[in-house]
1. Got a sec? Which residues in the range 233-266 would a label at D319 touch, if it sits 7 Å along Cα→Cβ and we count backbone N under 18 Å?
2. Give the relative contact order (percent, whole number) for the range 1-63; include only Cα pairs under 8 Å separated by 6+ residues.
3. What order, most packed first, do the peptides 141-151, 332-342 have when packing is the mean number of other Cβ atoms within 10 Å of each residue?
4. In what order do R182, R420, R367 fall by count of nearby beta-carbon atoms within 10 Å, going from fewest to most?
5. Once both labels are modelled 7 Å past Cα along the beta-carbon direction, what's the N392-K117 spacing in nm?
6. Between 0 and 90 degrees, rounded to the nearest ten: what's the tilt of helix 363-376 against the longest Cα principal axis of the chain?
7. I want to check the label-to-label distance for I382 and E294. Put each point 7 Å from Cα in the C-beta direction and report it in nm to one decimal.
8. Suppose every K and R has +1 on its Cβ and every D and E has -1 on its Cβ; what is the size of the dipole of the chain about the Cα centre, in Debye to the nearest 20?
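FYI, it's all coordinate maths here, none of it is from the lab. What you are looking at is a predicted structure, and each value in this text was computed from that prediction instead of being measured. Note: ideal-geometry Cβ built from the backbone for every residue, glycine included; neighbour counts use all protein chains shown.
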Amino acid sequence: MNKLTVLDIFCGAGGFSEGFRQQGFKIVQGVDSWQPAIDTFNHNFKLSCSKKNIKVFRKSIKEIEALPDTEIIIGSPPCVSFSHSNLSGKADKKSGVLLTEIFLRMVAVKKFKKGSKLKAWFMENVTNSTNYLNDYYTFKDLNLTRWAKSNGLSPNKKAIILDGNQLEVNSANHGAAQKRTRVISGELIERLSSKVLDGKLPVPPATHKAPSSEGNLPNYVSVGSIKKLLPSPNSKKSKRILSDPQYPSVKIAASALSDHFYDTGLYTCEWKLSKHLKTNHWYMGTMSFPENEENPSRTITATKIGSSREAIIYRSEFDRRGDGEYRTPTVREAACIMGFPITYQFKGSENTKWRLVGNAVSPSVSRAFAKELRSALGMPAIDQLTLEAAPNLDECENLNRFAEKVFDDPPKKNSNSRFRLHPFKSGNITVSLSNYDIKKNTKDIDKWFTSVQYGTGEGFPSLDFPGETYKVIEPIIESVEKGPEFLEIMHNGFSERLQNAEHLQELYVEHGFDDEKPGPVQLVRDIAAIIGKLDIGDATFPQETVCVFEGKKSVPLKQLFALYAMSKISDAANK
């Protein structure tokens with residue numbers, strides 16, 4: 001029983017399988033509908049699986065029976081529709097439910113078929129998926145009524161029980177260098193003669209803990225420790241021997257390390273936008289910029305982008321300012337953070353490889369469940385993990401370039417891209433400049449708006465200010481602390497740099513500006529800098545006799561100044 005076999009459904013790049021292979025299980029087949037995933041899976045497990053549309057298993061029993069009978073079934077149904085990050089968690093969940101139920105249908109057939117050899121199954125998904133799945137599924141629920149009857153089973157019998165067999169798992173608790181929380185469902189299948197009994201999910205103990213937690217376990221693996229044990233991405237070609245950051249028994253020449261020696265530097269417009277969204281978001285909390293490398297990484301996502309709040313950004317090893325000052329991880333860094341060995345290879349372009357890594361199950365987590373399963377089945381613990389000693393680089397597009405990036409083609413936005421930015425948050429308020437009505441969430445961008453948002457949660461009140469608001473509040477500003485100094489700046493230099501809507505939008509789309517006519521991003525940043533230099537701190541403006549911000553007894557004085565400046569920008573644009 002040393003080589004139990006594994007079938008991997010929705011196999012992706014093979015992260016789920018990799019953890020089981022490390023624990024001595026034999027991977028016999030992967031099923032996926034995306035060709036780069038199948039190519040990657042075949043390459044690493046030396047198989048010849050073909051791409052297959054998972055939905056064929058929705059109705060066809062023959063297709064399910066054609067799959068190999070294995071002792072273990074694992075799978076990770078696509079989680080996009082379940083994810084909180086997809087349309088802020090508002091995406092249609094039907095697709096995620098359907099694909100999950102297809103997987104459970106396949107497990108039910110293999111579990112209850114006559115002569116079944118299935119001993120356990122495991123499923124990985126995002127935590128939000130549990131809100132949309134049933135506590136249990138009968139054969140009837142899984143469209144297996146006829147099949148159940150033909151096998152002497154009641155269609156109303158519980159085929160799959162999820163309630164009590166689901167566990168939230170943080171990959172950092174199992175040695176991965178990232179905080180990636182997912183739900184693992186499954187069961188160890190018990191039988192009495194030919195009768196299948198209700199089984200339970202084998203739960204592995206944590207191997208690592210948060211530094212603030214009590215106990216004797218080692219602390220979480222930090223992203224900095226992984227980066228430190230890898231060569232710098234801007235290293236020259238070398239034949240020196242290096243050890244895998246998480247699997248020290250694996251040693252390869254640096255020249256054999258793929259997908260790492262290339263420049264992932266970001267344009268200034270990209271990393272500055274990400275920095276703003278991380279440190280000054282209109283309703284979300286503050287995040288580190290760049291990453292705090294003393295902690296595990298945040299979740300590696302499937303989309304590689306350097307201008308979003310979710311982007312993972314490091315300071316570049318190249319000595320640069322502006323363009324290329326910061327960078328995203330290399331594909332190899334991301335794979336190591338996930339828990340893949342440095343010998344594991346990914347097929348496709350850089351974006352494809354990133355998607356393969358980001359969509360994968362962390363091998364650190366799957367290895368923990370595979371190890372616990374061995375124990376539950378009475379199998380001896382293995383002395384040494386099963387790992388590929390050397391990378392197979394044949395027919396793999398290696399991203400290594402050993403060259404510094406040339407920053408001569410900054411990214412452009414769509415001509416009708418929406419814009420929204422505020423100089424700072426203060427007093428539970430943001431004063432925003434936008435090219436659409438935030439309150440109505442319109443798609444039209446033919447007009448620029450100045451508005452105020454109250455609160456720090458999604459769905460907070462948003463109020464638009466009418467044109468020429470700056471003229472109404474100018475006398476008020478003249479009478480407050482530092483007001484005359486602020487107006488002097490506005491009248492002598494700032495106002496002359498404002499422009500019409502067409503030019504404002506054009507510069508936003510092209511991420512550009514000139515000294516005389518800056519774009520909207522630069523204007524809002526200038527406002528923050530100007531008000532910051534006035535050193536007014538936490539001074540407030542009482543609204544006892546004059547009300548500018550509706551519903552507030554007092555507001556930070558700097559928000560009054562921000563409103564004035566933003567109003568001037570939108571008025572100039574709309575003339």
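1. 233-236
2. 30 percent
3. By packing density, highest mean first, the sequence is 332-342, 141-151.
4. Numbers: R182 20, R420 17, R367 25.
Fewest to most other Cβ atoms nearby, the residues stand as R420, R182, R367.
5. 2.3 nm
6. Rounded to the nearest ten degrees, it is 30.
7. About 3.6 nm, to one decimal.
8. With Lys and Arg at +1 and Asp and Glu at -1, about 2980 debye.
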